[in-house]
């Protein structure tokens with residue numbers, strides 16, 4: 001029987017490229033050109049395939065995006081990196097639910113953190129060690145799939161990771177891009193405590209991987225500048 005594909009099966013596939021972009025749904029996506037990611041290795045978060053369907057990969061641990069793609073654009077499931085278990089609240093989605101497309105995505109396992117800072121930091125050191133030792137592991141996040149994307153980008157071979165649309169900023173009271181057809185998928189404004197956890201988790205990952213020669217940057221489309229996450 002053919003096995004599911006996992007992140008570790010693609011270790012170092014972008015080693016020669018060294019750079020991977022990760023983009024969330026933040027307002028500064030509206031400042032990017034439609035073809036911005038066409039010549040870049042990139043990982044989009046959750047519903048961002050709506051805005052940039054030509055990017056390299058999309059990552060989610062939620063049930064809704066793969067269900068949407070299964071119905072509307074099943075060919076894009078080949079670009080998906082899906083966290084197991086796929087869960088939204090008490091609702092779960094098994095790979096078998098994707099039917100004939102279940103072999104198309106890349107999968108990974110995630111560690112249950114529950115948004116707790118102490119638990120995240122408890123697993124952080126050992127997770128970094130396993131990734132750098134090229135061993136399989138359960139990946140960790142602190143309230144955002146951005147953190148899974150960072151770790152998986154490193155497994156894929158990235159030495160330089162650039163974040164855009166991941167800084168939890170607001171524009172006109174909205175925490176997502178307004179001109180990319182994302183409004184119907186991001187109806188709720190992200191709460192400040194959750195956004196603070198995003199920032200904290202990103203900094204912890206940046207500082208943890210930096211001794212291994214890996215740097216994480218934020219990109220500002222408005223200023224066209226990069227700032228290292230420290």
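If residue 167 meets every condition in (1) closer than 16 Å to residue 22 by Cα; (2) at pLDDT 80 or above; (3) part of a loop (DSSP other than H, G, I, E, B) apart from one, which number is that one?
(2)
Given the criterion more than 18 Å from residue 8 (Cβ to Cβ) and surrounded by fewer than 16 Cβ atoms within 10 Å (Cβ to Cβ), identify the matching residue among 134, 159, 129, 100. Lay out the reasoning, then the answer.
On the way: 134 fails: more than 18 Å from residue 8 (Cβ to Cβ); 159 fails: surrounded by fewer than 16 Cβ atoms within 10 Å (Cβ to Cβ); 129 fails: more than 18 Å from residue 8 (Cβ to Cβ).
Going through 134, 159, 129, 100 in turn, just one is more than 18 Å from residue 8 (Cβ to Cβ) and surrounded by fewer than 16 Cβ atoms within 10 Å (Cβ to Cβ): 100.
Restricting region 1-43 to residues that are under 20 Å from residue 102 (Cα atoms) and without any contact (Cβ under 8 Å) to a residue 40 or more places away in the chain, which is surrounded by the most Cβ atoms within 10 Å (Cβ to Cβ)?
My answer is 3.
Only one residue in 67, 78 is touching a residue at least 12 places away in the same chain (Cβ under 8 Å), assigned to a helix (DSSP H, G or I), in contact with a strand residue (DSSP E or B) (Cβ under 8 Å, 6 or more places away or on another chain) and surrounded by fewer than 19 Cβ atoms within 10 Å (Cβ to Cβ), so which one is that?
One residue alone meets the criteria, 67.
If a residue has to be crowded, with 21+ Cβ neighbours inside 10 Å and assigned to a helix (DSSP H, G or I) to count, how many in region 199-217 make the cut?
Result for region 199-217: 4.
Being assigned to a helix (DSSP H, G or I) and closer than 19 Å to residue 139 by Cα is the filter here, so list the residues in region 1-49 that pass it. Outline the logic, then answer.
First, the residues of region 1-49 that are assigned to a helix (DSSP H, G or I): 7-10, 27-31, 46-49.
Within region 1-49, 7, 8, 9, 10, 46 qualify.
Can you find a residue in region 82-93 that is closer than 21 Å to residue 42 by Cα, buried (at least 21 other Cβ atoms within 10 Å of the Cβ) and either without any contact (Cβ under 8 Å) to a residue 60 or more places away in the chain or touching a strand residue (DSSP E or B) at 6+ places or on another chain (Cβ under 8 Å) (or both)?
The answer is yes; a qualifying residue exists.
Restricting to region 21-43, name every residue that is within 11 Å of the chain's Cα centre (by Cα) and over 16 Å from residue 198 (Cβ atoms).
21, 42
Please work out if residue 108 is closer than 24 Å to residue 27 by Cα, buried (at least 20 other Cβ atoms within 10 Å of the Cβ) and either modelled with pLDDT under 95 or touching a helix residue (DSSP H, G or I) at 6+ places or on another chain (Cβ under 9 Å) (or both).
On the way: closer than 24 Å to residue 27 by Cα: no; buried (at least 20 other Cβ atoms within 10 Å of the Cβ): yes; either modelled with pLDDT under 95 or touching a helix residue (DSSP H, G or I) at 6+ places or on another chain (Cβ under 9 Å) (or both): yes.
When the stated conditions are applied, residue 108 does not pass them.
Can you confirm whether region 50-61 contains a residue that is outside any loop (DSSP other than H, G, I, E, B), touching a residue at least 60 places away in the same chain (Cβ under 8 Å), touching a strand residue (DSSP E or B) at 6+ places or on another chain (Cβ under 8 Å) and surrounded by 15 or more Cβ atoms within 10 Å (Cβ to Cβ)? First the steps, then the outcome.
Start the filter on region 50-61 by keeping residues that are outside any loop (DSSP other than H, G, I, E, B), which leaves 50, 57-60.
Checking the rest, the ones that are also touching a residue at least 60 places away in the same chain (Cβ under 8 Å) come to 50, 59-60.
Checking the rest, the ones that are also touching a strand residue (DSSP E or B) at 6+ places or on another chain (Cβ under 8 Å) come to 59-60.
So of that shortlist, the ones also surrounded by 15 or more Cβ atoms within 10 Å (Cβ to Cβ) come out as 59-60.
Yes, region 50-61 contains at least one residue that is outside any loop (DSSP other than H, G, I, E, B), touching a residue at least 60 places away in the same chain (Cβ under 8 Å), touching a strand residue (DSSP E or B) at 6+ places or on another chain (Cβ under 8 Å) and surrounded by 15 or more Cβ atoms within 10 Å (Cβ to Cβ).
Of everything in region 118-154 that's assigned to a helix (DSSP H, G or I) and without any contact (Cβ under 8 Å) to a residue 12 or more places away in the chain, which residue is nearest to residue 108 (Cα to Cα)?
First pass over region 118-154, keeping only residues assigned to a helix (DSSP H, G or I): 118-132, 145-154.
Checking which are without any contact (Cβ under 8 Å) to a residue 12 or more places away in the chain leaves us with 118-119, 122, 126, 129-130.
Values: 118: 23, 119: 20, 122: 20, 126: 17, 129: 17, 130: 14 Å.
Looking at the filtered set, the residue picked out is 130.
The values are calculated or read from the model by the stated rules, or taken from the named source; none is laboratory data. These figures come from a predicted structure and were not determined experimentally. With ideal geometry, Cβ positions are generated from the backbone for all residues, glycine too; neighbour counts draw on all protein chains shown.
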